[in-house]
Amino acid sequence: MLRLLSNQDIQLKILIFIFTPDINQMQSKNFTIRVMTRADVDTAIEWAALEGWNPGLYDAECFYQADPNGFLIGLLEGVPIAAISAVKYSDDFGFLGFYMVRSGFRGMGYGLQIWNAGMAYLKGCTIGLDGVIAQQENYRKSGFNLAYRNIRYQGSGGGNLPADPGILPLSMVPFDELCRYDRLFFPADRAAFLKCWINQPQSTAVGRLQNGRLSGYGLIRTCRTGHKVGPLFADTPEMAEQLFAALKANVPEGSPVFIDIPETNPDAISLVNRHTMTPSFETARMYTGITPELPVDRIFGVTSFELG
């Protein structure tokens, strides 16, 4: 997710860390940027949790698998104060997220420096992001154009498993078939990410087969609070309903369940309304260059605001 940072900074911000370091201890202006280690990604996830963005318990490993070179950290005198993810899925497509600057260091140019490093890494790519709606004009000034809004809905877990013999654990679907189907809904291949995402602990992943081919799949994972569904892709609204019910049934009754849906998919809106879910947050999905052509009418749940 992305938010406005400040007029002196790059106009984008995700998940600003709420702890304010002792600036008096920072006498030098020696600011460096490097690729995150795996442990650094854990730190970034903790920053996100402290800011209230409710990451998944095992997001860090899967995010890192998407592109180990795409996570950058900025250090002032060796102390981490800024971060950004610029995940390059291919030579043609990347996604921005995790743009964070610690409180007390915004407006000093450090955010701009790490932003520029992330953009340089994704040079030549179409770039996606999920940004705060109110700052669309500022994002446009940075070269991003609105595609549609994503809306987060919240409801409750529980319910009965659907009596649909076509629904099965995603582990029973050949991985190549999963990658083929997922590629219909994402601008680039993301096999490394998917292999981790569908196998993370404390999650449930299901698929639906029709005539031996995948016609929908979804995943629900445990977060700091409740559970999140993402992705949820399906060829028809009826299949999406069955998959969603199967995922929700694996969550304790009454536990919070979240799902992020494209506002331009009316069938997705109907789905969350049927399950008495309520909107709690929204973002603007934006891209540089030409907006990827995706079947938004079959996207019932976004995988992640951080990685697309």
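Would you please state which residues of the stretch 113-139 a label at Ile290 would reach in this model, taking the label point 7 Å out along Cα→Cβ and a backbone N cut-off of under 16 Å? Answer for this model: 124-128. Compared with the alpha-carbon gap, the fully stretched path from Val79 to Ala39 is longer by 13.0 nm at 0.36 nm per residue. Projected onto the charge dipole of the chain (+1 at Lys/Arg Cβ, -1 at Asp/Glu Cβ, origin at the Cα centre), which of Pro252, His275, Trp115 gives the Cα projection farthest towards the positive end? Farthest along the dipole direction, towards plus: Trp115. Taken about its Cα centre, the stretch 23-143 carries a charge dipole of about 500 debye when Lys and Arg each add +1 at the Cβ and Asp and Glu each add -1 at the Cβ. Karplus-based coupling profile of the stretch 170-183, in residue order and whole Hz: 5, 5, 8, 8, x, 4, 4, 5, 4, 5, 4, 5, 4, 5, with θ = phi - 60° in 6.51 cos²θ - 1.76 cosθ + 1.60 and x standing for Gly or Pro.
Figure legend: label point modelled 7 angstrom from the Cα of Leu57 along Cα→Cβ; residues of the stretch 227-253 with amide N under 16 Å from it are 227-229, 250-253.
Projecting the Cα atoms of Ala49, Pro80, Gly289 onto the charge dipole of the chain (Cβ charges, centred on the Cα centre) puts Pro80 farthest toward the positive pole.
Ellipticity at 222 nm from helices only: DSSP H runs of n ≥ 4 in the chain, each -39500 (n - 2.57), divided by the residue count, give -7000 deg cm²/dmol.
Taking the number of Cβ atoms within 10 Å of each Cβ as an exposure proxy, the fewest-first ranking of Ile45, Ile84 is Ile45, Ile84.
State whether the stretch 151-301 is rounded, prolate or oblate according to the following rule on the C-alpha gyration tensor (a ≥ b ≥ c being the square roots of its eigenvalues): a/c under 1.5 gives rounded; otherwise a/b larger than b/c gives prolate, and the remaining case gives oblate. Here the stretch 151-301 falls in the rounded category.
Need one word for the stretch 51-200: rounded, prolate or oblate. Basis is the Cα gyration tensor (sqrt eigenvalues a ≥ b ≥ c); a/c below 1.5 gives rounded, then a/b vs b/c decides. Prolate shape, in that a/c is at least 1.5 and a/b is the bigger ratio. Neighbour counts of C-beta atoms inside 10 Å place His275, His227 in the sequence His275, His227, starting with the fewest. Against the chain, whose longest principal axis comes from its Cα atoms, helix 110-121 is set at around 60 degrees. By the beta carbon rule, with partners counted only under 4.7 Å, the chain holds these lone Cys residues: Cys125, Cys179, Cys223.
In terms of surrounding Cβ atoms within a 10 Å radius of their Cβ, Glu61, Glu253 rank from fewest to most as Glu253, Glu61. Annotation: average projected area of the chain is 14.9 square nanometres, based on the convex hull of Cα atoms across all directions. So if I place +1 on the C-beta of Lys and Arg and -1 on the C-beta of Asp and Glu, and nothing else carries charge, what would the dipole magnitude of the stretch 160-229 be about its Cα centre? I want it in debye, nearest 20. The dipole of the stretch 160-229 has a size of about 220 debye. With contacts taken as Cα pairs under 8 Å at a separation of at least 6 residues, the chain carries a relative contact order of 22 percent.
Between the alpha-carbon centres of the stretch 157-205 and the stretch 289-308 there is a gap of 16 Å. Given R0 = 22 Å, the distance between the Cβ atoms of Asn211 and Ala191 translates into a calculated FRET efficiency of 0.40. As a calculated quantity, the FRET efficiency between Ser280 and Asn145 at R0 = 41 Å, using C-beta atoms, amounts to about 0.95. Each residue of the stretch 52-59 was assigned a 3J(HN,Hα) from its phi angle through the Karplus expression (A = 6.51, B = -1.76, C = 1.60, θ = phi - 60°), giving x, 8, 6, x, x, 5, 10, 4 Hz with x at Gly and Pro.
About the centre of its Cα atoms, the chain shows a dipole size close to 420 debye [charges on the beta carbon of Lys, Arg (+1) and Asp, Glu (-1) only; nearest 20 debye]. Comparing Val302, Gly94, Gly158 along the charge dipole axis of the chain, the residue lying farthest to the positive side is Gly94, per the Cβ-charge model.
Rule-based calculations on the coordinates, nothing more; no lab input. What you see is a predicted model; the values in this text were computed from it and never measured. Positions of Cβ are backbone-derived with ideal geometry, glycine not excepted, and every protein chain shown enters the neighbour counts.
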